[in-house]
Amino acid sequence: KAGVTQTPRYLIKTRGQQVTLSCSPISGHRSVSWYQQTPGQGLQFLFEYFSETQRNKGNFPGRFSGRQFSNSRSEMNVSTLELGDSALYLCASSSRGTNYGYTFGSGTRLTVV
Amino acid sequence: GIQVEQSPPDLILQEGANSTLRCNFSDSVNNLQWFHQNPWGQLINLFYIPSGTKQNGRLSATTVATERYSLLYISSSQTTDSGVYFCAVDSGTYKYIFGTGTRLKVLA
């Protein structure tokens, strides 16, 4: 059974650019969550999607957006990148959401220069 | 919002030793998970444990929801247990709040 797949694994972008990260959940999982991990702020919640509906959003500026497709794959987009957006972005999938165990992907490490 | 505190922040053990990691949370929660992040950044789910006790090999966890804490026990530690252990809680809002973690180093 394939795990959670995140692409790309590494990314270097310039300030002001935009970026799209992708997450393919475990087959059959309908919930996808995104987290940002930085040395200073730790792991912070970005969004949670279930069957294409965003059920919660974290305290991030509007430059951070996401969506989920009918096949449960999810993307997140960050526009007008800032240096502080450099982080490890982690995606987790679950069959039912937070009332079940999460499986995380390997993450996308974004560096903004 | 809910606050999650983990202790100790750092722990160094000799291989074979046992340890207990603690997670305190400030309000009632619906869901709780323990994770291990390896040196390559991969987060591995250890337990989904909103209440009660579970065991998986050398690891076990106990959550006492009424007293707002959870414990993770590691017995006969191995060097591969090194990494950061996170506790995460959810109060039914579809998002987990993570603690700051316990960094464990197991020496051979």
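Values in this text are rule-based calculations from the coordinates and carry no lab data. The model shown is predicted, which means the values in this text are computed figures rather than measured ones. Using ideal geometry, Cβ is built from the backbone for each residue, glycine included, and neighbour counts are taken over all protein chains shown.
Observations on the model:
- Relative contact order of segment B:28-85, defined on C-alpha pairs under 8 angstrom at six or more residues apart (%): 31
- Summing charges over neighbours of A:Lys57, with a neighbour being any other residue whose Cβ is under 14 Å away from its Cβ, gives +3 when K and R count +1 and D and E count -1.
- Residue mean of other protein chain beta carbons inside 10 Å, B:40-48: 5
- Chain B: proportion of alpha-carbon pairs further apart than 21 angstrom, %: 29
- Packing rank of A:51-57, A:19-25, where each peptide gets the mean count of other beta carbons within 10 Å, highest leading: A:19-25, A:51-57
- Nearest-20 debye value, the protein assembly as shown charge dipole, Cβ charges on Lys, Arg, Asp, Glu: 460
- Simple Cβ-charge dipole of chain B, Lys/Arg +1 and Asp/Glu -1, about Cα centre, in debye nearest 20: 100
- Among residues other than A:Pro39 with Cβ under 13 Å from its Cβ, the summed charge is +2 (Lys and Arg +1, Asp and Glu -1).
- Rounded, prolate or oblate (a/c below 1.5 giving rounded, otherwise prolate when a/b exceeds b/c) for segment B:11-50 by Cα gyration tensor: oblate
- Exercise: per-residue mean of other protein chain Cβ atoms within 10 Å, A:40-48: 4
- Other residues whose C-beta falls under 10 angstrom from the C-beta of A:Leu110 contribute a net charge of +1, scoring Lys and Arg +1 and Asp and Glu -1.
- Among beta bridges that DSSP assigns inside the protein assembly as shown, antiparallel share in %, nearest 5: 90
- Percent of Cα pairs exceeding the 30 Å cut-off, where the set is the protein assembly as shown: 23
- Dipole magnitude of chain A, debye to nearest 20 (Cβ charges: Lys/Arg +1, Asp/Glu -1, about Cα centre): 160
- A dipole drawn for chain A from +1 and -1 charges on Cβ atoms has a positive end, and of A:Ala2, A:Tyr100, A:Cys23 the residue lying farthest that way is A:Ala2.
- Ranked packing of A:27-37, B:67-77, most packed first, by mean Cβ within 10 Å: A:27-37, B:67-77
- Shape of chain A, Cα gyration tensor, a/c cut at 1.5: prolate
- Cα shape, segment A:23-83, gyration tensor, a/c 1.5 rule: prolate
- Counted residue by residue at 0.36 nm each, then reduced by the alpha carbon distance between them, the extension gain from A:Phe60 to A:Ile12 reaches 15.2 nm.
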